[in-house]
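Shown next, in structure tokens, is the structure this report addresses.
The values are calculated or read from the model by the stated rules, or taken from the named source; none is laboratory data. These figures come from a predicted structure and were not determined experimentally. When we count neighbours, we look across all protein chains shown, and the Cβ atoms used for this are built from the backbone with ideal geometry, even at glycine.
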Amino acid sequence: MDSDAKAQATADELEIRNLVARYADAVNRRDEAQWASTWAEKGVWHLFGRDVAGREALVATWRGAMGFFSFVVQLIHSGTVELAGDRASARWYLSELGHSSGGDKLLTVGVYHDELIRVDGSWLFSRRRFDALYQGPPDLSGAVTPFPEL
């Protein structure tokens, strides 16, 4: 790989990592417009066994999920990125700490499996699959789910 290609690959990976950070930031600040801007128009979110497709449906689902929480913070831990021209795949580990609207304290630890696409020079999510590895009380007394088969 020549130096120009290496520089472009580094820039692409940095932009993808920033996209993931903007997504989490939007969750933490409940910024619907910013959250929506991370998705391709026909993006698909695979969440708890079902696909939600298209930006309008994605936002409606996100709005409903956020309504469950009186407080939530999403923390991104580590990730990998594989580039293939104007497409990429990535995997991110995360945790969410929250209080439900009913007052329950919750911890979710999971993994996002992402497919990304460059649209008009910017990277966006074309598909995100979320798999929970743990959901329950913050003391980890709930059930743990093994890493999913893809």
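Quick check on my filter: what residues within the stretch 91-108 are of a type in the set (Asp, Glu) and under 16 Å from Arg29 (Cα atoms)? Explain how you work it out, then say what you get.
Just the residues of the stretch 91-108 that are of a type in the set (Asp, Glu), to begin with: 96, 104.
Listed by number, the list holds a single entry, Glu96.
Just to check your reading of the model, which residue among Leu116, Leu124, Leu107, Leu58 is buried (at least 16 other Cβ atoms within 10 Å of the Cβ) and either more than 23 Å from Leu19 (Cβ to Cβ) or modelled with pLDDT under 95 (or both)? Talk me through it step by step, then tell me what you get.
Working: Leu116 fails: either more than 23 Å from Leu19 (Cβ to Cβ) or modelled with pLDDT under 95 (or both); Leu124 fails: either more than 23 Å from Leu19 (Cβ to Cβ) or modelled with pLDDT under 95 (or both); Leu58 fails: either more than 23 Å from Leu19 (Cβ to Cβ) or modelled with pLDDT under 95 (or both).
None of the other options fit; the residue is Leu107.
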I need every pair where a residue in the stretch 89-110 that is more than 20 Å from Val144 (Cα to Cα) has its Cβ under 7 Å from the Cβ of a residue that is surrounded by 15 or more Cβ atoms within 10 Å (Cβ to Cβ) and small (Gly, Ala, Ser), sequence separation at least 6 or different chains.
Ala90/Gly79
Of everything in the stretch 61-74 that's closer than 20 Å to Leu19 by Cα, out of contact with any Ser or Thr (no Cβ under 9 Å at 6 or more places or on another chain) and not aliphatic (A, V, I, L, M), which residue is surrounded by the most Cβ atoms within 10 Å (Cβ to Cβ)?
Trp62
What number goes with the only condition from (1) farther than 23 Å from Tyr134 by Cα; (2) touching a Phe, Trp or Tyr at 6+ places or on another chain (Cβ under 7 Å) that Trp62 does not pass?
(1)
In this structure, does Ala40 turn out to be outside any strand (DSSP E or B) and either at negative phi or crowded, with 16+ Cβ neighbours inside 10 Å (or both)?
no
Within the stretch 54-84, tally of residues that are free of Cβ contacts under 8 Å to residues at least 24 places away in the same chain, outside any strand (DSSP E or B) and over 13 Å from the mean Cα position of the chain (by Cα):
8
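Could you please find all residues in the stretch 75-104 being of a type in the set (Asp, Glu), modelled with pLDDT of 95 or more and surrounded by fewer than 16 Cβ atoms within 10 Å (Cβ to Cβ)? Explain how you work it out, then say what you get.
The initial filter retains those residues of the stretch 75-104 that are of a type in the set (Asp, Glu), namely 82, 86, 96, 104.
Next, only the ones that are modelled with pLDDT of 95 or more stay: 82, 86, 96.
The answer is Glu82, Asp86.
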Scan (1) under 13 Å from the mean Cα position of the chain (by Cα); (2) at pLDDT 95 or above; (3) not β-branched (Val, Ile, Thr) for the single condition Asp51 breaks and write down its number.
(1)
